[in-house]
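Taking it in order: structure first as structure tokens, then the write-up.
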Amino acid sequence: MNNKDVDYLNELVIKYREYKSPTDTQKLIVALGSKSDKTDDDNKKLMILMRAEKKAEELHKARQKTRDLLQSEKKAERKIDARKKIIWGSALKTASVNDAQIAQVMRRLWNEGFVSEADKNVVRADFDALITYQRDEYDR
């Protein structure tokens, strides 16, 4: 084993000793890696086990990159969806200022539960302005 392999083995032994319930492979790495007088057969086994651990780490990293990529895609989709809602909401709000029918639609949305109670506090001033506008329109 070269120095790089010995260093990696020592890292694995230290890491796996701290595990509460290591796998059989991890137990074997600790047992063989802790031996001071390793045979050629022990070294061969360790090399095979270390190669498998490196591949497992690569697989874990690849899966994490995949999860990160999927999460990034979902985040981008949510961002676009939120932007669309903002644009349509803004258009609806702007149109309601000059159009009594659209103002009536917004009032129905408010009254029929399309605006949550928590959100009503945020948009109450806008709703009150719609009500005032509608009253003014009906008075004409």
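Observations on the structure shown:
- Close pairs (7 angstrom Cβ cut-off, 6 or more residues apart or separate chains): surrounded by 10 or more Cβ atoms within 10 Å (Cβ to Cβ) in segment 109-127, among the basic types (Lys, Arg) anywhere: ASP126/LYS93
- Segment 5-25, residues that are assigned to a helix (DSSP H, G or I), free of Cβ contacts under 8 Å to residues at least 12 places away in the same chain and within 17 Å of ALA52 (Cβ to Cβ): GLU11, LYS15, ASP24
- Of the residues screened, SER90 is one that is at pLDDT below 95 and under 30 Å from THR132 (Cα atoms).
- Residue check, ILE87 surrounded by 11 or more Cβ atoms within 10 Å (Cβ to Cβ) and not hydroxyl-bearing (Ser, Thr, Tyr): no
- The numbered conditions (1) within 30 Å of ALA125 (Cα to Cα); (2) among the charged types (D, E, K, R); (3) within 33 Å of the chain's Cα centre (by Cα) are all true for ARG51 except (1).
- The residues of segment 14-30 that are of a type in the set (A, V, I, L, M) and farther than 18 Å from ASP41 by Cβ amount to a single one, ILE14.
- In the set (1) under 36 Å from the mean Cα position of the chain (by Cα); (2) exposed (fewer than 10 other Cβ atoms within 10 Å of the Cβ), ASN98 fails one condition alone, (1).
- Any hit, segment 31-54, residues being over 23 Å from VAL6 (Cβ atoms), out of contact with any Asp or Glu (no Cβ under 8 Å at 6 or more places or on another chain) and free of Cβ contacts under 8 Å to residues at least 12 places away in the same chain: no
- Residues that are among the acidic types (Asp, Glu) and surrounded by 15 or more Cβ atoms within 10 Å (Cβ to Cβ) within segment 8-57 comprise just one, GLU53.
The values are calculated or read from the model by the stated rules, or taken from the named source; none is laboratory data. Computed from a predicted model, the values in this text were never measured in an experiment. All Cβ positions, glycine included, derive from the backbone under ideal geometry; neighbour counts span all protein chains shown.
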